[in-house]
1. Per the helix-only calculation at 222 nm, which mean residue ellipticity applies to the chain, given -39500 (n - 2.57) for every DSSP H run of n ≥ 4 and division by its residues, nearest 500 deg cm²/dmol?
2. Between segment 115-189 and segment 226-271, what is the separation of their alpha carbon centroids in Å?
3. Can you say what percent of the DSSP beta bridges in the chain, counting only those with both residues inside, are antiparallel? Round to 5.
4. Have a look at Thr269, Leu96, Gln58 and report the one farthest towards the positive end of the charge dipole of the chain, computed about the Cα centre with Cβ charges (Lys/Arg +1, Asp/Glu -1).
5. Just how large is the dipole of segment 30-115 about the Cα centre, in debye to the nearest 20, putting +1 at every Lys and Arg Cβ and -1 at every Asp and Glu Cβ?
6. So, by mean Cβ neighbours within 10 angstrom, what's the order for 51-59, 218-226, 22-30 with the highest one leading?
7. Pick out, from Val223, Leu85, Gly41, the residue whose Cα sits farthest towards the positive end of the charge dipole of the chain, with +1 on the Cβ of Lys and Arg and -1 on the Cβ of Asp and Glu.
8. List the relative contact order of segment 30-115 as a percent without decimals, with contacts defined as Cα pairs under 8 Å and 6+ residues apart.
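The values are calculated or read from the model by the stated rules, or taken from the named source; none is laboratory data. Remember, it's a predicted structure, so these values are computed and weren't measured experimentally. Cβ atoms come from the backbone with ideal geometry, glycine included; neighbour counts cover every protein chain shown. Surface areas here come from the heavy atoms of the whole protein model, side chains and all, with no ligands, DNA or RNA. Shrake-Rupley method; radii C 1.70, N 1.55, O 1.52, S 1.80 Å.
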Amino acid sequence: MMGQILSGKEIAEKIKHETRIELERIKERGISPKLVAVQVGENPSSQVYLNAQKKNCQSMGILYETKNLEPGISESELISFIERLNGDKSITGIILQLPLPSGMDVRKVQSKIAPEKDVEGVNPANLGWILYGRPVLAPCTALAVKELIDSTKVDLYGKEVVMVGHSDIVGKPVALLLVDRFATVSICHIGTSDKGMLEQHVKRAEILIVAVGKAHLIKGDWVRDGAIVIDVGINKLGDKIVGDVEFETAIQHASWITPVPGGVGPVTTAILLRNTITAAKLISFNL
Ligand code: NAD
């Protein structure tokens, strides 16, 4: 059986199209979303990411600004800066670009972003709403995974889902979002691998999601026949970008599989734009 490629590009275009319509609607009501990205110090790889964000926002008609702060800034100064952005009525969304300088408590700083401006869904209040089964501004990649799965029209009810990776912004929220759709979700991580159990879990998966960051960790022949495979990983292998799953062999078993690049990434970007509009509505309409 040869699976189909689950391209993120078309899904991203559909989300952007819907977002553009929503943006026009709120602009007619006098709301102008403005996203501010905060970067501490210089980081060439973040710069690539920030440039892409800016381009995406501008193409959509969303105001975008980058605030570059000195690398020597203290954690409390950074928090004060974020609190000023929270209080600025012209700003509707805030992104805190990672990494932060070593020694800073990332989670503490993220917790200071006003929840209704937290377009990346990293504030504990927004993560908490997912736990309640009522996501408001959830992490973009977790929502992207859900969109990709839903695009296959699979009925999640009772399905065996295996989530490999348990990060706060991908693995854990994905598991919660899918368990609320009554999937049977297992979460695997480094402990699973260290006990030699990863293959056994992966082989059970009707829906397999992998967010680890290790090239080809998941062997293609572990993939169950007919499984849907969502590969979140981004890894450099020689001069190529590859995922966490051995794509060439996995596609021979899967019904659907996301490519890397071109799968989860574009959908994540589109969801950031959608979250930006949601945030602007939350603030402006006091939702
Ligand atoms: P993370 O780096 O915070 O955590 C890695 C997870 O993998 C942990 O749960 C860890 O226990 C697990 N792990 C490590 N080694 C393992 C092994 N041998 N077997 C099983 N599990 C193992 O994770 P993250 O921030 O979710 O990032 C994961 C990957 O997803 C990275 O490659 C990252 O670049 C990528 N990513 C992509 C997007 C996107 O938009 N496409 C967004 C976010 C992250």
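1. On the way: 11 runs with 122 residues, N = 287.
So the helix-based figure for the chain works out to -13000 deg cm²/dmol.
2. 18 Å
3. Numbers: 3 of 33 bridges.
DSSP beta bridges in the chain are roughly 10 percent antiparallel.
4. The residue sitting most towards the positive pole is Gln58.
5. On the way: 9 positive and 8 negative charges, 67 e Å.
Rounded to the nearest 20 debye, it is 320 debye.
6. Numbers: 51-59: 14.9, 218-226: 17.8, 22-30: 12.7.
With the highest mean Cβ count within 10 Å placed first, the list reads 218-226, 51-59, 22-30.
7. Towards the positive end, the residue furthest out is Leu85.
8. Numbers: 98 pairs, mean separation 36.7, N = 86.
Dividing the mean separation by the residue count of segment 30-115 yields 43 percent.
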